[in-house]
Amino acid sequence: MTLQIELVAADRVVWSGQAREVIARTAEGDLGVLSGHAPLLSLLVPGVVEIIPAEGDTVRAAVSEGFISVAADRVSILSEDTFLAEDIDEAVVSAELESARGSEDEYAVRRAEAKLRLIGKSF
């Protein structure tokens with residue numbers, strides 16, 4: 001059995017399809033969702049979302065604050081900023097991180113760190 005996943009940014013659908021599992025970081029901690037999961041609505045915190053599709057390679061995305069909704073084997077992940085690994089430019093994100101640290105914007109720091117983790121870079 002599979003889940004229908006919708007990974008949505010403010011301006012576009014980033015990824016949509018059938019998956020066996022999704023893992024996301026919520027305000028309460030990491031959450032894994034499999035087929036048959038109980039209905040849920042939770043706040044996302046900046047981090048990495050992993051989607052294990054029914055077929056193909058794992059999809060990894062960096063997300064900012066948002067929501068995750070689970071109901072009837074449908075998972076909606078809604079975040080203003082959502083980036084797939086292949087969309088991330090390390091130099092741009094490193095500059096974002098330094099700017100966020102300078103302005104002491106903790107959420108901006110977490111968003112930038114999540115993007116760097118997604119592409120396997122340390123900060």
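The values are calculated or read from the model by the stated rules, or taken from the named source; none is laboratory data. These figures come from a predicted structure and were not determined experimentally. Cβ coordinates were reconstructed from backbone atoms using ideal geometry, including for glycine residues, and neighbour counts include every protein chain displayed.
Counting only residues that are exposed (fewer than 15 other Cβ atoms within 10 Å of the Cβ) and modelled with pLDDT of 95 or more, the stretch 1-11 holds 1 of them. In the set (1) in contact with a strand residue (DSSP E or B) (Cβ under 8 Å, 6 or more places away or on another chain); (2) at negative phi; (3) surrounded by fewer than 19 Cβ atoms within 10 Å (Cβ to Cβ), residue 95 fails one condition alone, (1).
The residue that is surrounded by the fewest Cβ atoms within 10 Å (Cβ to Cβ), counting only those in the stretch 109-123 that are touching a helix residue (DSSP H, G or I) at 6+ places or on another chain (Cβ under 6 Å) and farther than 14 Å from residue 83 by Cβ, is 123. Among the residues of the stretch 42-82, those identified as touching a residue at least 60 places away in the same chain (Cβ under 8 Å) and either of a type in the set (Asp, Glu) or within 22 Å of residue 120 (Cα to Cα) (or both) are 45, 46, 47, 48, 73, 79, 80, 81, 82. Out of the residues in the stretch 70-89 that are in a helix (DSSP H, G or I) and out of contact with any Leu (no Cβ under 7 Å at 6 or more places or on another chain), state the one that is surrounded by the most Cβ atoms within 10 Å (Cβ to Cβ). Within the stretch 70-89, the match that is surrounded by the most Cβ atoms within 10 Å (Cβ to Cβ) is 87.
Number of residues in the stretch 1-37 that are under 17 Å from residue 79 (Cβ atoms), β-branched (Val, Ile, Thr) and touching a residue at least 60 places away in the same chain (Cβ under 8 Å): the value is 3.
With respect to residue 80, determine if the residue is not small (Gly, Ala, Ser) and not assigned by TED's automatic domain parsing to the domain that holds residue 40. For residue 80, the condition - not small (Gly, Ala, Ser) and not assigned by TED's automatic domain parsing to the domain that holds residue 40 - is not met.
Restricting the stretch 36-69 to residues that are in a loop (DSSP other than H, G, I, E, B) and polar (S, T, N, Q), the residue that is modelled with the highest pLDDT is 58.
With respect to the conditions (1) crowded, with 18+ Cβ neighbours inside 10 Å; (2) farther than 23 Å from residue 1 by Cα; (3) charged (D, E, K, R), residue 21 falls short on a single one, namely (2). Only residues that are part of a helix (DSSP H, G or I) and surrounded by 13 or more Cβ atoms within 10 Å (Cβ to Cβ) were counted across the stretch 99-108, and they come to 4.
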